1. Could you name the lysines in cross-link range of residue 55, using Cα to Cα under 16 Å and dropping any fewer than eight places away on the same chain?
2. With the chain treated as a Gaussian network of Cα nodes joined by springs under 10 Å, which of 175, 157, 46 yields the largest mean-square fluctuation?
3. For residue 30 and residue 53 in one chain, what is 0.36 nm times their gap in residues minus the Cα-Cα distance, to one decimal in nm?
4. Calculate for the chain the 222 nm mean residue ellipticity that helices alone would give, adding -39,500 (n - 2.57) per DSSP H run of length 4 or more and normalising by residue count, nearest 500 deg cm²/dmol.
5. Among 148, 44, 122, which residue has its Cα positioned farthest towards the positive end of the charge dipole of the chain, with +1 placed on the Cβ of Lys and Arg, -1 on the Cβ of Asp and Glu, and the dipole taken about the Cα centre?
6. With the cut-off at 1.5 for a/c, could you classify the chain from its C-alpha gyration tensor as rounded, prolate or oblate?
7. Accessible surface of residue 13 in the full protein assembly, 1.4 angstrom probe, to the nearest 10 Å²?
8. Over what distance in Å are the Cα centres of the stretch 119-188 and the stretch 47-105 separated?
Amino acid sequence: MPVQSLPVRDASIHFRLLQQYLVLLKNYPILTKSVTSGILSALGNVLSQILEARKKIKSGAPVGEIDPAAAARYATFGFCITGPVSHIFYQLMEVWMPATDPLCIVKRLLLDRLIFAPGFLLIFYFVMNILEAKGWRDFESKMRGSYWTALKMNWKVWTPFQFVNINFVPVEFRVLFANMVALFWYAYLASVRK
């Protein structure tokens, strides 16, 4: 029995949203990836705040409200840094290490894990420090106190995801794939930076 295709107007809301996302991604790749990164980064921070509140409730400590300024800082970082920087990195990776290179799988993973990850985490700490209007001493303190721990956790958590992402996910969807993982990663970073 042949399968009938549905006209777009009769498609589900999910399908129409996906189609709209693909159109935006094609026409405005950096802006689309930046907006997506901003939204998912903010959601990651809100998730972190909710998890932190649950811990406080269990321990009997007083619980504050969700901090919209913190979510806004993460949205700003996602929009201004994560989206554009990740887009450019993945595009350059395709040029520097094309799939025709027999060792591209290993080279891409090493570039991402040993160069991009430490640098991007450093940028995260630096930009967040600026967005929080904190001084150099606070930045140094947080770097000494949690950078190495966060980087080791990054290597543990992100390595399998990035292996799949940079070798098997089409380049135009890599930022989205990473953003989905980052939703939980930013929740972790928000808690470890405190």
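1. 194
2. Largest GNM mean-square fluctuation: 157.
3. Values: separation 23, 0.36 × 23 = 8.28 nm, distance 3.44 nm.
Between residue 30 and residue 53, full extension yields an extra 4.8 nm.
4. Numbers: 9 runs with 139 residues, N = 194.
One gets -23500 deg cm²/dmol as the mean residue ellipticity at 222 nm.
5. The one lying farthest along the dipole's positive direction is 148.
6. On the way: a/c = 2.04, a/b = 1.30, b/c = 1.57.
Verdict is oblate for the chain.
7. Accessible area of residue 13: about 90 Å².
8. 6
The values are calculated or read from the model by the stated rules, or taken from the named source; none is laboratory data. Everything numeric in this text was worked out from a predicted model, so none of it was measured. Note that we place each Cβ from the backbone using ideal geometry, even for glycine, and neighbour counts take in every protein chain shown. Each accessible area value is taken on the protein alone, full model and side chains, heavy atoms only, with ligands, DNA and RNA left out. Shrake-Rupley method; radii C 1.70, N 1.55, O 1.52, S 1.80 Å.
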